[in-house]
Amino acid sequence: MRIVLLGPPGAGKGTQAAQVARRFRCANIATGDIFRANVAEGSELGQAAQEYMDRGDLVPDDLVIAMVMERLAERDCQAGFVLDGFPRTVNQAEALDRRLVEMGSPLQAVLCVQADENELLRRLAGRAAAQHRSDDAEQTIRHRLEVFSIKTRPLIDYYRHRRLLTMVDGVGRVEEVTTRILGGLPSTNGGGDPALALAV
Ligand code: AMP
């Protein structure tokens, strides 16, 4: 299964991506995690990304696209993948499409996990306290939500036009949201209740 999980910061994409990847035994590619690992290692990529991440801005497309293209060429992606946090711009989405067409394995589904802004702020503040992420300070959180609205939200229409998009309510217990996601996937309608996923 080749899936993209879209959604604002705090929507629960990371938790859900891990569940879905486990279910399909496929690669879980979380660009934020890859960047944080590079920052921790002090790699060249980490050094280039850190200032953007600390401000809550997007890392420039060329760096992200190169990193993801390299990751997609790894062996474990042959069994499929769940992309969590990529693409985040139309430019990134177009690069992904081009690569997947070249590989003869286009995306099969895009799930957009939603929650209202108060819920997102509440969750992100909780995560800031628990994980001490440098980009979870209140100002930065608000900025990241704005960046999502401006740069990433257009991907909802991008994928809707390609008939790949399903909107999923991200509020509820983790297992409930996973069930909605699985119900929204093309070949797994037996694995969840399709009525719980709001097709757009
Ligand atoms: P996340 O853990 O997905 O919220 O990502 C944390 C940070 O990593 C983001 O705020 C960005 O600075 C950077 N990042 C992750 N994925 C991308 C992407 N696809 N494009 C640009 N920046 C990204």
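The values are calculated or read from the model by the stated rules, or taken from the named source; none is laboratory data. In this text the structure is predicted, and so the values were computed from the model without any measurement. Neighbour counts run over all protein chains shown; Cβ positions are idealised from the backbone, glycine included. Just so you know, the surface numbers come from the protein's heavy atoms only, side chains and all, with ligands and any DNA or RNA stripped out. Shrake-Rupley method; radii C 1.70, N 1.55, O 1.52, S 1.80 Å.
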- Give the distance, in whole Å, between the Cα centre of segment 117-156 and the Cα centre of segment 23-57. 16
- Pop a pseudo-label 7 angstrom from the Cα along the beta-carbon direction at both residue 139 and residue 63 and give the gap in nm to one decimal. 2.1
- Give the longest segment of the chain that steers clear of trypsin sites (Lys or Arg not before Pro) in DSSP loops with at most 13 neighbouring Cβ atoms within 10 Å, not counting the sites themselves. 26-161
- Note on the structure: Rg/Rh over Cα atoms for the chain, Kirkwood Rh, comes to 0.94
- Message: For a quick check of understanding: with a 1.4 angstrom probe and all protein chains in place, what accessible area in square angstrom does residue 147 have, to the nearest ten?
- Response: 20
- For segment 1-135, give the magnitude of the charge dipole about the Cα centre (Cβ charges: +1 Lys/Arg, -1 Asp/Glu; no others), in debye to the nearest 20. 640
- When the charge dipole of the chain is computed with +1 at the Cβ of Lys and Arg and -1 at the Cβ of Asp and Glu, the Cα pointing farthest to the positive end, of 60, 159, 147, is that of 159
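Using only Cα atoms, what Kirkwood radius does segment 1-116 have, in angstroms? Provide the component values of the computation, followed by the final result.
On the way: mean 1/r = 0.0688 Å⁻¹.
After inverting the pairwise mean of 1/r, the radius is 14.5 Å.
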- The answer for segment 29-179, accessible area per residue at 1.4 Å probe in Å², is 53
